Each structure stands twice: as C-alpha cells, then as structure tokens.
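Chemist: Provided herewith is a single structure, encoded as structure tokens, for subsequent inquiry.
The values are calculated or read from the model by the stated rules, or taken from the named source; none is laboratory data. Bear in mind the structure is a predicted one, so any value in this text is a computation, not a measurement. A quick note on method: Cβ atoms are made from the backbone with ideal geometry, for glycine too, and the neighbour counts reach across all protein chains shown.
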C-alpha cells in the first residue's frame, strides 16, 4: 500500500450478509461514492478504470463474438479461406476469457454460470465509473448517511 501499511483482502463467501441499499438509485449513488474515494477523488483515474473495464468486458466480448461470426460465415462460404483461422482464434479467445472470468468468479464465491453475464456487468460498471468521474468533475452532491456531500476533485 502507498502508506507502507499491509493490505489484506478476505472473502467472506456467504458468511456475512447485509442490505445496504433500498433501491437501485441508492446502490448506484453509494458505489459511485466508494469508487470516487477509492480513486482518491481523481476523475482521470476513474475514467482510466472505466476504459479498462469496458475494453476487457463488453468490447473484448463483442470482438470475440464478431470474429466468431465472421469465422463461421467465411468457413461456410469458402472452407479454404481465412474462416477456420478466424474461428479458431475466436474460440481460443472465448475459452481464455471464459476461463479467467470463471476462475475469478469461483474465487469470489459467485456462481460460475453468472460469468456468462460478465460483459453486461462490465458495461454497467464502466458506465458507473464514467458517471462517478462526471459527477466529481461537476461537483454534484453525493448523499450518504442522510447527508449531502460535495466531493472536491484532486
């Protein structure tokens, strides 16, 4: 950690449960505040992480799906063309992405089947990070614990 302290992350895996938010809007607002503080109130850092999540989630998944479709189409039209290579590359990329995401979900105690929704969740998270950056730059107040705070960007 930057301060020289040790950081430890432990997964409770179902041992602890709590309801922190009573609505989707409260959930979004609460997590925007958490992300803003985690990124030390730096809008550029929030945007950097938003792009990273977007590229590794929905963008990569879309490229894989389009490559797979192109590979199938090319193979059907002309078996000796680039279709089999595209198909193989897409399947390898899908397998690699799927294995990594499933591994991370397993470590976190999440159902492996939920990994199929990774591109959707990544898109939602990227949007939340972009919104947090925009809120911080615009100095929009954040409600937390019944009070409103205006967080200053750094």
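Chemist: Tell me, which residue of region 24-37 that is surrounded by fewer than 16 Cβ atoms within 10 Å (Cβ to Cβ) and more than 22 Å from residue 118 (Cα to Cα) is modelled with the highest pLDDT?
Modeler: The residue in question is 37.
Chemist: What is the one condition in (1) surrounded by 16 or more Cβ atoms within 10 Å (Cβ to Cβ); (2) under 22 Å from residue 48 (Cα atoms); (3) out of contact with any strand residue (DSSP E or B) (no Cβ under 7 Å at 6 or more places or on another chain) that residue 142 does not satisfy?
Modeler: (3)
Let's see how each residue does on (1) at pLDDT below 95; (2) surrounded by 17 or more Cβ atoms within 10 Å (Cβ to Cβ):
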| position | (1), (2) |
| --- | --- |
| 18 | yes, no |
| 55 | no, no |
| 61 | no, yes |
| 74 | yes, yes |
| 87 | yes, yes |
| 90 | no, yes |
| 95 | no, no |
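Chemist: Test each condition in (1) surrounded by 13 or more Cβ atoms within 10 Å (Cβ to Cβ); (2) touching a residue at least 12 places away in the same chain (Cβ under 8 Å) for residue 109 and report the one that comes out false.
Modeler: For residue 109, the failing item is (1).
Chemist: Considering each residue of region 39-53, count those that are over 15 Å from the mean Cα position of the chain (by Cα) and surrounded by fewer than 14 Cβ atoms within 10 Å (Cβ to Cβ), and give that number.
Modeler: 2
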